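A.B. asks: Quick one: the structure is below, and I'll ask about it shortly.
Every number here is computed from the coordinates shown, using simple stated rules; none is lab data. Being a predicted model, the structure only gives us computed values, none of them experimental. Cβ sites come from the backbone with ideal geometry, for glycine too, and all protein chains shown count toward neighbours.
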Amino acid sequence: MSILVTGGAGYIGSHMVWALLDRGEDIVVVDNLSTGFRWAVPDSVPFVEGDFGDEPLMDELIETHKVTAIIHFAAKIVVPESVSDPLGYYLNNTSKARNLIACAVRRGVKHFIFSSTAAVYGEPKRTPVHEDDPTQPINPYGRSKLMVEQMLADTAHAHDLRYVALRYFNVAGADPKGRTGQSTPNATHLIKVAVQAALGHRKGMDVFGTDYPTPDGSCVRDYIHVSDLVAAHADALRYLRQGGQPLTCNVGYARGYSVFDVIEVVKRVSGVNFPVKISARRAGDPAIIVADNERAREQLGWIWQHDDLETIVRQALEWEQRLHNRQTALI
Ligand code: UFG
């Protein structure tokens, strides 16, 4: 009996793998290494380099490893890239997810945990946003994920498959034990970019848009520590194993920080006053998005431990430095 983790060599997936290992679970990872790293998966974990949308490969893997649950992380995740390459997003995030769900149904895998996103809400009508609020994504990324939520709902209705779709807010930080972190080169996410600027790995950074209807004009997001996000998956797994019915949950802290707030914390924690340029709005960005997290707390029993932006930033800084040292050593 094992858990199939797709995208287990990636940022969030590798944190999940370590957490499952810490809990003594049997795991098998599939990752095509397009953005993930082989070294991010512990040596003791069976690793298959391949595509989660490859049905014969997934069929075989589910059989060989007696997979009873799938945690599906593998996806393209950059909002502006989804605007310029929508078909790439619909192929990778939507069509291939359909293949994976078909394998799960065919092979009798009954538990499925899906990495969804706050981007399904688009520009929320209220803050914090509740799971039952309208889903009107404003970019292809959000639409590519919302369609998978809908597929899962229809599939669970027709077949013996139960799922939890977790709508992630803005995931940041690194493993407190320093085993893994956000390692993607050319990352576009705010905390990663700011941390790289603080460490001098890039010359400075841009603030994309200061004319939003927010207190300081920059976008507001709910930044959640990756370890707390991973804990929500472990809770979701327990929930499904105990017979829980299909569920869609926000995973965020229910509080927001602006882009300027984040930059101020990165400057304070790092002690570096790096250059910041005001730029035009970026395509596809909603102004404010903050989670109502009552459902995750009540239904999954989710309790978080790392709700502190300074800690998130400090660990992101430490990881970025470690990554840099590692890359320098490899040259
Ligand atoms: N930003 C900057 N400068 C940068 C990078 C980002 O100003 O160099 C701004 C963005 O414009 C945005 C905010 O920082 O206003 C956060 O941007 P990120 O790229 O870090 O994250 P997104 O909000 O675009 O997207 C993330 C995840 C999605 C998730 C979404 C939910 O990638 O999966 O958060 O809010 F859906």
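A.B. asks: Rounded to the nearest 500 deg cm²/dmol, what is the calculated helix-only ellipticity per residue at 222 nm for the chain, with -39500 (n - 2.57) per DSSP H run of length n ≥ 4?
C.D. replies: It lands at -11500 deg cm²/dmol.
A.B. asks: Need the C-alpha centroid separation for the stretch 81-133 versus the stretch 210-244, integer Å.
C.D. replies: If you average the Cα positions of each part, the centres end up 15 Å apart.
A.B. asks: Let me ask something else. Amide H of Val129: which non-local residues (sequence gap of 5 or more, or other chain) have their own amide H closer than 5 Å, using H built in the peptide plane?
C.D. replies: Val290, Ala291, Asp292
A.B. asks: Apply the Karplus curve 6.51 cos²θ - 1.76 cosθ + 1.60, θ = phi - 60°, to the phi angles in the stretch 169-180 and return the couplings in whole Hz, x for Gly and Pro.
C.D. replies: 8, 8, 7, 8, x, 8, 3, x, 8, x, 7, 7
A.B. asks: Can you flag which of Lys76/Lys110; Lys145/Lys277; Lys96/Lys277; Lys76/Lys192; Lys145/Lys203 are past 27 Å Cα-Cα?
C.D. replies: Pairs exceeding the cut-off: Lys145/Lys277; Lys96/Lys277; Lys145/Lys203.
A.B. asks: Show me the ranking of peptides 138-145, 158-165 by mean Cβ neighbours inside 10 Å, starting with the highest.
C.D. replies: In descending order of packing, they fall as 138-145, 158-165.
A.B. asks: Let me ask something else about it. Taking 0.36 nm per intervening residue step and subtracting the Cα-Cα distance, what contour gain separates Asp307 from Lys203 on full extension?
C.D. replies: Here the answer is 34.5 nm.
A.B. asks: Collect residues whose amide H, placed 1.01 Å from N in the peptide plane, falls under 5 Å from the amide H of Val28; neighbours closer than 5 in sequence don't count.
C.D. replies: Result for Val28 returns Ile3, Leu4, Val5.
A.B. asks: Still on this structure, please answer the following. Provide the gained length on full extension for the span Glu60 to Ser279, in nm with one decimal, where the gain is 0.36 nm per separating residue minus the Cα-Cα distance.
C.D. replies: 73.9 nm is the gain from fully extending Glu60 to Ser279.
A.B. asks: Now a separate question. Skipping prolines and chain starts, which residues have an amide H placed within reach, meaning under 5 Å, of the one on Thr248, given they are 5 or more residues away or on another chain?
C.D. replies: Residues meeting the amide H criterion: Ala165.
A.B. asks: While we're looking at this one, here's another question. About its Cα centre, how strong a charge dipole does the chain have in debye, to the nearest 20, once Lys and Arg get +1 and Asp and Glu get -1 at the Cβ?
C.D. replies: 400 debye
A.B. asks: Just name one of Ser218, Ala236, Ala254: the one whose Cα is farthest towards the positive end of the charge dipole of the stretch 206-280 (beta-carbon charges, Lys/Arg +1, Asp/Glu -1).
C.D. replies: The listed residue farthest towards the positive side: Ala236.
A.B. asks: Also: How high is the FRET efficiency from Ala102 to Asp26, r the C-beta distance, R0 41 Å, rounded to 0.05?
C.D. replies: Efficiency computed from Cβ-Cβ geometry: 0.95.
A.B. asks: Restricting to Cα pairs below 8 Å that are 6+ residues apart, what does the relative contact order work out to for the stretch 181-331? Please round to a whole percent.
C.D. replies: 37 percent
A.B. asks: Can you compute the charge dipole magnitude of the stretch 200-331 about its Cα centre, using +1 on each Lys and Arg Cβ and -1 on each Asp and Glu Cβ, nothing else charged? Give it in debye, rounded to the nearest 20.
C.D. replies: With Lys and Arg at +1 and Asp and Glu at -1, about 500 debye.
A.B. asks: Pop out the ³J(HN,Hα) list for the stretch 125-136 in order, Karplus 6.51 cos²θ - 1.76 cosθ + 1.60 with θ = phi - 60°, rounded to Hz; leave Gly and Pro as x.
C.D. replies: 7, 8, 10, x, 8, 9, 4, 8, 5, x, 9, 9
A.B. asks: Could you order the peptides 276-282, 170-176 from most to least packed, using the average number of other C-beta atoms within 10 Å per residue?
C.D. replies: Final packing ranking: 170-176, 276-282.
A.B. asks: Over what distance in Å are the Cα centres of the stretch 257-331 and the stretch 167-186 separated?
C.D. replies: 9 Å
A.B. asks: Also, I was wondering about something else. Using a simple spin-label model with points 7 Å from Cα along the Cα→Cβ vector, what separation in nm is obtained for Arg255 and Gln327?
C.D. replies: 3.3 nm
A.B. asks: Further question on the same structure: Report the relative contact order of the stretch 169-244, percent, no decimals, based on alpha-carbon pairs under 8 angstrom and at least 6 residues apart.
C.D. replies: 36 percent
A.B. asks: Rounded to whole Hz and in sequence order, give me ³J(HN,Hα) for the stretch 262-277 from the Karplus expression 6.51 cos²θ - 1.76 cosθ + 1.60, θ = phi - 60°, writing x for Gly and Pro.
C.D. replies: 5, 4, 4, 5, 5, 5, 5, 5, 7, x, 10, 9, 6, x, 10, 10
A.B. asks: Where both residues lie in the chain, what percent of DSSP beta bridges are antiparallel, nearest 5?
C.D. replies: 5 percent
A.B. asks: With the crude spin-label approximation of a point 7 Å out along Cα→Cβ, what separation in nm comes out for Gln242 versus Gln299?
C.D. replies: Spacing of the two 7 Å Cα→Cβ label points: 1.4 nm.
A.B. asks: Then there is this: When a/c reaches 1.5 or more, the comparison of a/b and b/c decides; with that in mind, is the stretch 210-331 rounded, prolate or oblate per its Cα gyration tensor?
C.D. replies: Oblate shape, in that a/c is at least 1.5 and b/c is the bigger or equal ratio.
A.B. asks: Oh, and also: So in the stretch 114-267, what percent of DSSP beta bridges are antiparallel if you round to the nearest 5?
C.D. replies: So the antiparallel bridges amount to about 15 percent of the total.
A.B. asks: Sticking with this one: Could you tell me which residue out of Ser34, Val164, Ser115 lies farthest along the dipole of the stretch 27-177 toward its positive end? Charges go on the beta carbon: Lys and Arg +1, Asp and Glu -1, centred on the Cα centre.
C.D. replies: Of the listed residues, the answer is Val164.
A.B. asks: Further, regarding this structure: Pairs of alpha-carbon atoms within less than 8 angstrom and 6+ residues apart define the contacts here; what relative contact order does the chain have, in percent?
C.D. replies: Reported as a whole number, the value is 19 percent.
A.B. asks: About the Cα centre of the stretch 279-322, what is the dipole size in debye to 20, counting +1 per Lys and Arg Cβ and -1 per Asp and Glu Cβ, all else neutral?
C.D. replies: That gives the stretch 279-322 a dipole magnitude of about 220 debye.
A.B. asks: Would you mind putting 181-192, 313-324 in packing order, based on average other-beta-carbon counts within 10 Å, highest first?
C.D. replies: 313-324, 181-192
A.B. asks: If the chain between His159 and Asp133 were fully stretched, how many nm would it gain, using 0.36 nm times the residue separation less the Cα-Cα distance?
C.D. replies: This chain segment gains 6.7 nm when fully extended.
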